[in-house]
1. What pairs can you find where one residue is in the stretch 176-187 and in contact (Cβ under 8 Å) with a residue 12 or more places away in the chain and more than 8 Å from the ligand (Cβ to nearest atom), the other is charged (D, E, K, R) and assigned to a loop (DSSP other than H, G, I, E, B), and their Cβ atoms are less than 6 Å apart, with a gap of 6+ or different chains?
2. Return only the number of the condition from (1) free of Cβ contacts under 8 Å to residues at least 12 places away in the same chain; (2) assigned by TED's automatic domain parsing to the domain that holds residue 225; (3) more than 29 Å from residue 198 (Cβ to Cβ) that residue 30 does not satisfy.
3. Can you find, within the stretch 161-204, the residue that is least open to solvent (accessible area, probe 1.4 Å) among those that are part of a strand (DSSP E or B) and of a type in the set (Asp, Glu)?
4. All but one of (1) closer than 20 Å to residue 200 by Cα; (2) not in a helix (DSSP H, G or I) hold for residue 146; state the number of the condition that does not hold.
5. Just to check your reading of the model, which residue among 62, 99, 106 is away from the ligand (no atom under 13 Å from the Cβ), within 14 Å of the chain's Cα centre (by Cα), open to solvent by less than 30 Å² (accessible area, probe 1.4 Å) and modelled with pLDDT of 95 or more?
6. Condition first: open to solvent by 20 Å² or more (accessible area, probe 1.4 Å), away from the ligand (no atom under 16 Å from the Cβ) and within 30 Å of residue 223 (Cα to Cα). Can you find one or more residues in the stretch 130-137 that meet it?
7. Looking at this structure, is residue 50 farther than 14 Å from residue 216 by Cα, loosely packed, with under 14 Cβ neighbours inside 10 Å and either within 16 Å of the ligand (Cβ to nearest atom) or hydrophobic (A, V, I, L, M, F, W, C) (or both)?
Amino acid sequence: MRVDRALTLAGYSRSEAKAMIARGRVRVGAGIVRDAGLDVRPEDVLLDGAPLDCEAEVYLMLNKPAGVITATEDKRLPTVVSLLPEKYRRRKIGPVGRLDRDVTGLVLLTTDGQLAHRLISPRWKAEKRYRAVCAGALTEADAQAFAQGVALSDFTAKPATLEILSSGATSTADVTLTEGKFHQVKRMFAAIGHPLTALSRLQIGCVELDAALAPGEFRRLTNEEIEGLRRLTGLSEGEEA
Ligand code: URA
């Protein structure tokens, strides 16, 4: 890879990369890099003596707060991408699927378009788990309705799992489904007579929202999490994670 490309992968602009090379701040081993087109292994590049923090692809999880929209940019509202530091915003990073503005929790963001596409494609049936709080007392009949497939005005939802965690004047439940149609979880609860008062996504495939992340915080996915998502979507050999 060209050394200037390695610097842009680390989050610097092309002009910054050029200036850093011109000032002799970039080395490979003991040798100062003078040629922006020098062929290097990114892991061998040192900037001011320190290894570059560059990844060919970026994979992040964000704990989305309410009020933030799942888009790359917006003129009025904060977006999931606007919550990231500039070094990630400079990359072509985007959210995997969407959460409504009022819905909180796990959003994956990546530069890996193929993985993102597969995670939202019905073909790969990636499960998403949500924590839902709804009005009224949920019963086993509601769990059965979810398991059979809730009929909505324009389609019947595929079977989903409803695990009731508490039931009373309001109820809390975990719902797991493989579809991701517009307002789907809200519409499913409304259809069984229990409108939602709060919804938060906890899991996508093998990746669970990290409980250490406060709303608005993000972290990189671990290699294990990335590999699990790749297996789930047929991008890597081996057992599903
Ligand atoms: N279902 C919804 O209704 N909203 C979301 O944001 C995600 C799933």
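1. Pairs that qualify, where the first residue is in contact (Cβ under 8 Å) with a residue 12 or more places away in the chain and more than 8 Å from the ligand (Cβ to nearest atom) and the partner is charged (D, E, K, R) and assigned to a loop (DSSP other than H, G, I, E, B), are 176/127; 178/125; 178/127; 179/158.
2. Among (1) free of Cβ contacts under 8 Å to residues at least 12 places away in the same chain; (2) assigned by TED's automatic domain parsing to the domain that holds residue 225; (3) more than 29 Å from residue 198 (Cβ to Cβ), the lone unmet condition for residue 30 is (2).
3. The qualifying residue least open to solvent (accessible area, probe 1.4 Å) is 174.
4. The one condition residue 146 does not meet is (2).
5. Matching residue, one of 62, 99, 106: 62.
6. No, the stretch 130-137 contains no residue that is open to solvent by 20 Å² or more (accessible area, probe 1.4 Å), away from the ligand (no atom under 16 Å from the Cβ) and within 30 Å of residue 223 (Cα to Cα).
7. yes
The values are calculated or read from the model by the stated rules, or taken from the named source; none is laboratory data. Since we're looking at a predicted model, the values are computed, not measured. Ideal geometry is used to build each Cβ from the backbone, glycine not excepted, and the neighbour counts take in all protein chains shown. The protein model used for the area step is the full one, side chains on, heavy atoms only, and it has no ligands, DNA or RNA in it. Shrake-Rupley method; radii C 1.70, N 1.55, O 1.52, S 1.80 Å.
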